[in-house]
């Protein structure tokens, strides 16, 4: 009876996964492996991806840099929140999640208003006799947009891992003569590795496939793979090539996530399971 109830309760989820995950993936695979003119099976779409390898590597580089900056900024914040009183933790946790309640597009457009040549920052600097400084349409602006939008995805898993660390382990390390630096390097940091891996994954995956941030904050040289895919579907009238790019990007995400799972360990709390 319990097994039948479990199957019945999971049916809506299974229907959702089939309708909005498996079927779209099959459609992408079909277009990626068929000829746009004849509809016959072919690998020509994948063979044409050599021209886009620099864009792929540039997307990966931007995503890695963004994930690393998010880790440097998010770890102290998560550590601070985890060591507050429960009421303060809930309040600070809410503040971290609050920007996520606003539209991703609006958050990115807000940075356009801040960074553009006639924006708020340059207007303020102009009154001080400085500038204007060219901040928008630069690689730094794209990284800034990624870090701002995806930083909560780093803080939340780190906080969830740090708050569950048994404080008695820290006290034991201190009783054995470890100073603050050794307590962090020998106890806290190793125990927080699952949260670090989860945070890196949650930042890297959306960052490597983004396109709106690079379009609004980047210049002509900051074209990412998400931009190329969007253009193939909207402007290039070549959905087969766009599907092939999407398929390769999806495989790249799966490989990176699998490698991170390997380092984190599937059975450790806070790890990512795919």
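The values are calculated or read from the model by the stated rules, or taken from the named source; none is laboratory data. Computed from a predicted model, the values in this text were never measured in an experiment. As a convention, Cβ positions derive from the backbone with ideal geometry for all residues, glycine included, and neighbour counts pool all protein chains shown.
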Inset, instruction - Please indicate, with yes or no, whether at least one residue in segment 115-124 is under 26 Å from residue 253 (Cβ atoms), in contact (Cβ under 8 Å) with a residue 12 or more places away in the chain and either surrounded by fewer than 16 Cβ atoms within 10 Å (Cβ to Cβ) or in contact with a helix residue (DSSP H, G or I) (Cβ under 6 Å, 6 or more places away or on another chain) (or both). - result: no
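Looking at the structure I just gave you, is residue 131 at positive phi and at pLDDT below 90?
On the way: at positive phi: yes; at pLDDT below 90: yes.
Spelling it out, residue 131 is indeed at positive phi and at pLDDT below 90.
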Inset, instruction - Output the residues belonging to segment 243-262 that are free of Cβ contacts under 8 Å to residues at least 40 places away in the same chain and in contact with a helix residue (DSSP H, G or I) (Cβ under 7 Å, 6 or more places away or on another chain). - result: none
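With the structure loaded, tell me whether residue 201 is in contact with a helix residue (DSSP H, G or I) (Cβ under 6 Å, 6 or more places away or on another chain) and over 30 Å from residue 39 (Cα atoms) or whether it fails that test.
Values: in contact with a helix residue (DSSP H, G or I) (Cβ under 6 Å, 6 or more places away or on another chain): yes; over 30 Å from residue 39 (Cα atoms): yes.
Yes, satisfied.
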Inset, instruction - Would you please list the contacts, defined by Cβ atoms under 6 Å and residues six or more apart or on different chains, that run from a residue in segment 42-62 that is without any contact (Cβ under 8 Å) to a residue 60 or more places away in the chain to a residue that is outside any helix (DSSP H, G or I) and exposed (fewer than 14 other Cβ atoms within 10 Å of the Cβ)? - result: 42/35
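Take segment 203-217 and flag every residue that is touching a residue at least 40 places away in the same chain (Cβ under 8 Å) and surrounded by fewer than 23 Cβ atoms within 10 Å (Cβ to Cβ). Working first, answer last.
Looking only at segment 203-217, we keep the residues that are touching a residue at least 40 places away in the same chain (Cβ under 8 Å), and these are 203-210, 212-214, 216-217.
Once the filter is applied, which keeps residues that are touching a residue at least 40 places away in the same chain (Cβ under 8 Å) and surrounded by fewer than 23 Cβ atoms within 10 Å (Cβ to Cβ), segment 203-217 yields 205, 206, 209, 212, 216.
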Legend entry - Filter pass, residue 166 being within 25 Å of residue 93 (Cβ to Cβ) and without any contact (Cβ under 8 Å) to a residue 12 or more places away in the chain: yes
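For segment 9-41, name all the residues that are closer than 18 Å to residue 253 by Cα and touching a residue at least 12 places away in the same chain (Cβ under 8 Å). Give the derivation first.
Within segment 9-41, the first condition is being closer than 18 Å to residue 253 by Cα, and the residues that meet it are 21-22, 24-26, 28-29, 32.
Residues satisfying the conditions are 25, 28, 29, 32.
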Inset, instruction - Hey, can you tell me all the residues within segment 210-248 that are part of a loop (DSSP other than H, G, I, E, B) and under 17 Å from residue 27 (Cβ atoms)? - result: 238
Inset, instruction - Looking at (1) on the phi < 0 side of the Ramachandran plot; (2) under 25 Å from the mean Cα position of the chain (by Cα), find the lone condition where residue 185 falls short. - result: (2)
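List the helices (runs of 4 or more DSSP H) that sit entirely inside segment 135-197 and contain at least 2 residues that are surrounded by fewer than 16 Cβ atoms within 10 Å (Cβ to Cβ).
Correct list: 167-175, 180-183.
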Inset, instruction - Quickly run through segment 221-233 and pick out the residues that are in contact (Cβ under 8 Å) with a residue 24 or more places away in the chain and either buried (at least 20 other Cβ atoms within 10 Å of the Cβ) or over 21 Å from the mean Cα position of the chain (by Cα) (or both). - result: 221, 222, 224, 225, 226, 228
Inset, instruction - Evaluate the following for residue 161: is it at pLDDT 90 or above and under 22 Å from the mean Cα position of the chain (by Cα)? - result: yes
Legend entry - All positions within segment 61-83 that are closer than 30 Å to residue 240 by Cβ and surrounded by fewer than 18 Cβ atoms within 10 Å (Cβ to Cβ): 61, 64
Inset, instruction - Please work out which one of (1) modelled with pLDDT under 90; (2) out of contact with any helix residue (DSSP H, G or I) (no Cβ under 8 Å at 6 or more places or on another chain) is the condition residue 87 fails and give its number. - result: (1)
